[in-house]
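Down below is the structure, laid out as C-alpha coordinates.
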Amino acid sequence: QVQLVESGGGPVQAGGSLRLSCAASGSGFGIPVMGWYRQAPGKWRELVASISAIGHTNYVDSVKDRFTISRDNARNTVFLQMFDLKPEDTAVYYCNTVPPWDSGNYWGQGTQVTVSS
(Lines give C-alpha, C1' and ligand atoms only; values in the text may rest on other atoms or scores of the structure.)
Protein backbone atom coordinates (compact mmCIF):
# COMPACT_ATOMS: atom_id res chain seq x y z
CA GLN A 1 0.00 0.00 0.00
CA VAL A 2 1.48 3.34 -1.10
CA GLN A 3 0.82 6.55 0.75
CA LEU A 4 1.67 10.01 -0.54
CA VAL A 5 1.26 13.02 1.75
CA GLU A 6 1.73 16.49 0.33
CA SER A 7 2.23 19.64 2.42
CA GLY A 8 3.51 23.18 2.22
CA GLY A 9 0.85 24.91 0.17
CA GLY A 10 -1.03 28.04 1.14
CA PRO A 11 -1.91 31.54 0.03
CA VAL A 12 0.85 33.71 -1.40
CA GLN A 13 1.07 36.93 -3.34
CA ALA A 14 2.33 37.02 -6.91
CA GLY A 15 6.10 37.00 -6.96
CA GLY A 16 6.29 35.04 -3.75
CA SER A 17 7.72 31.61 -3.03
CA LEU A 18 6.58 28.34 -1.53
CA ARG A 19 8.22 24.98 -0.88
CA LEU A 20 6.09 21.89 -1.19
CA SER A 21 6.99 18.56 0.36
CA CYS A 22 5.79 15.06 -0.35
CA ALA A 23 6.37 12.13 1.97
CA ALA A 24 6.08 8.75 0.27
CA SER A 25 5.75 5.43 2.00
CA GLY A 26 4.74 1.89 1.19
CA SER A 27 6.17 -1.53 0.70
CA GLY A 28 7.72 -2.17 -2.66
CA PHE A 29 7.77 1.52 -3.48
CA GLY A 30 11.39 1.52 -4.55
CA ILE A 31 12.92 4.67 -5.98
CA PRO A 32 10.72 5.50 -8.92
CA VAL A 33 10.60 8.59 -11.08
CA MET A 34 8.60 11.09 -9.06
CA GLY A 35 6.65 14.07 -10.20
CA TRP A 36 4.63 17.03 -9.08
CA TYR A 37 1.29 17.43 -10.76
CA ARG A 38 -1.24 20.22 -10.44
CA GLN A 39 -4.90 20.65 -11.16
CA ALA A 40 -6.50 24.04 -11.50
CA PRO A 41 -10.28 24.48 -11.33
CA GLY A 42 -11.89 23.32 -14.55
CA LYS A 43 -8.65 21.98 -15.98
CA TRP A 44 -7.02 18.61 -16.41
CA ARG A 45 -4.34 17.53 -14.00
CA GLU A 46 -0.92 18.17 -15.52
CA LEU A 47 2.59 17.03 -14.74
CA VAL A 48 4.73 20.11 -14.09
CA ALA A 49 8.02 18.63 -12.89
CA SER A 50 9.64 15.23 -12.59
CA ILE A 51 12.84 13.80 -11.17
CA SER A 52 14.50 10.46 -11.75
CA ALA A 53 16.06 8.30 -9.07
CA ILE A 54 19.46 9.83 -9.85
CA GLY A 55 18.26 13.41 -10.05
CA HIS A 56 17.55 14.07 -13.71
CA THR A 57 14.79 16.65 -13.90
CA ASN A 58 12.21 17.80 -16.40
CA TYR A 59 9.80 20.72 -16.29
CA VAL A 60 6.85 21.92 -18.26
CA ASP A 61 7.67 25.16 -20.07
CA SER A 62 5.36 27.27 -17.94
CA VAL A 63 7.38 26.61 -14.76
CA LYS A 64 10.91 26.34 -16.13
CA ASP A 65 13.36 28.63 -14.35
CA ARG A 66 10.81 29.23 -11.56
CA PHE A 67 10.29 25.77 -10.04
CA THR A 68 12.91 23.32 -8.81
CA ILE A 69 12.15 19.71 -8.00
CA SER A 70 14.43 17.72 -5.71
CA ARG A 71 14.30 14.53 -3.70
CA ASP A 72 15.79 12.86 -0.65
CA ASN A 73 15.80 9.16 -1.43
CA ALA A 74 16.88 8.21 2.09
CA ARG A 75 13.74 9.83 3.47
CA ASN A 76 11.44 9.04 0.52
CA THR A 77 10.65 12.72 0.25
CA VAL A 78 10.21 14.92 -2.81
CA PHE A 79 10.23 18.70 -2.81
CA LEU A 80 9.06 21.43 -5.13
CA GLN A 81 10.59 24.85 -4.58
CA MET A 82 8.50 27.47 -6.33
CA PHE A 83 9.73 31.00 -6.98
CA ASP A 84 8.14 33.99 -8.69
CA LEU A 85 4.68 32.52 -8.33
CA LYS A 86 1.97 33.74 -10.66
CA PRO A 87 -1.83 33.68 -10.35
CA GLU A 88 -1.92 31.00 -13.05
CA ASP A 89 0.05 28.72 -10.73
CA THR A 90 -3.02 28.52 -8.49
CA ALA A 91 -3.98 24.86 -8.26
CA VAL A 92 -4.02 21.82 -6.05
CA TYR A 93 -0.57 20.26 -6.21
CA TYR A 94 -0.05 16.52 -5.98
CA CYS A 95 2.99 14.32 -6.00
CA ASN A 96 2.96 10.88 -7.55
CA THR A 97 5.12 8.52 -9.48
CA VAL A 98 5.61 9.05 -13.19
CA PRO A 99 3.49 7.54 -14.60
CA PRO A 100 1.02 7.79 -11.71
CA TRP A 101 0.87 4.89 -9.24
CA ASP A 102 -1.73 2.21 -9.91
CA SER A 103 -2.53 3.68 -13.31
CA GLY A 104 -3.66 6.90 -11.67
CA ASN A 105 -6.15 5.26 -9.32
CA TYR A 106 -4.29 6.53 -6.26
CA TRP A 107 -3.63 10.16 -5.39
CA GLY A 108 -2.87 11.82 -2.10
CA GLN A 109 -4.96 14.65 -0.75
CA GLY A 110 -2.85 17.30 -2.46
CA THR A 111 -1.93 20.73 -1.17
CA GLN A 112 -3.65 23.92 -2.29
CA VAL A 113 -1.55 26.76 -3.67
CA THR A 114 -3.37 30.06 -4.15
CA VAL A 115 -1.52 32.95 -5.75
CA SER A 116 -3.15 36.36 -5.59
CA SER A 117 -2.27 39.25 -7.85
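Projecting label points 7 angstrom from Cα along Cα→Cβ for ASP61 and SER117 puts them 2.2 nm apart.
Restricting region 29-117 to chymotrypsin sites (Phe, Trp or Tyr not before Pro) that sit in a DSSP loop and have at most 11 other Cβ atoms within 10 Å of their own Cβ leaves TRP44. Relative to the current alpha-carbon distance between ASN73 and ILE54, full extension at 0.36 nm per residue lengthens the span by 5.9 nm. Comparing Cα centroids, region 101-117 and region 76-91 end up 12 angstrom apart.
Spin-label model, PHE83 to VAL2: label points 7 Å out along the Cα-to-beta-carbon direction sit 3.0 nm apart. Phi angles of region 37-51 translate, via the Karplus equation with coefficients 6.51, -1.76, 1.60 and θ = phi - 60°, into HN-Hα couplings of 10, 9, 9, 8, x, x, 10, 6, 5, 10, 7, 9, 7, 9, 9 Hz per residue; Gly and Pro are given as x. Farthest toward the positive end of the dipole of region 12-77, out of VAL12, CYS22, GLY55, is the Cα of VAL12, where the dipole comes from beta carbon charges about the Cα centre. Karplus-based coupling profile of region 3-13, in residue order and whole Hz: 10, 10, 10, 9, 7, x, x, x, x, 8, 7, with θ = phi - 60° in 6.51 cos²θ - 1.76 cosθ + 1.60 and x standing for Gly or Pro. In terms of accessible area, using a 1.4 Å probe and ignoring ligands and nucleic acids, THR97, THR57 rank largest first as THR57, THR97.
Relative contact order, whole percent, for the chain stands at 36, derived from Cα pairs under 8 Å and 6 or more residues apart. Dipole check for region 25-117: with +1 at the C-beta of Lys and Arg, -1 at the C-beta of Asp and Glu, and the Cα centre as origin, the magnitude is about 80 Debye. Each Cα pair under 8 Å and six or more residues apart adds its separation to the average, and for region 1-55 the resulting relative contact order is 28 percent.
The values are calculated or read from the model by the stated rules, or taken from the named source; none is laboratory data. Predicted model, so just to flag it, every value in this text is computed and none were measured. Backbone-built Cβ (ideal geometry, glycine too); neighbour counts: all protein chains shown. With ligands, DNA and RNA removed, areas are computed over all heavy atoms of the protein, side chains included. Shrake-Rupley method; radii C 1.70, N 1.55, O 1.52, S 1.80 Å.
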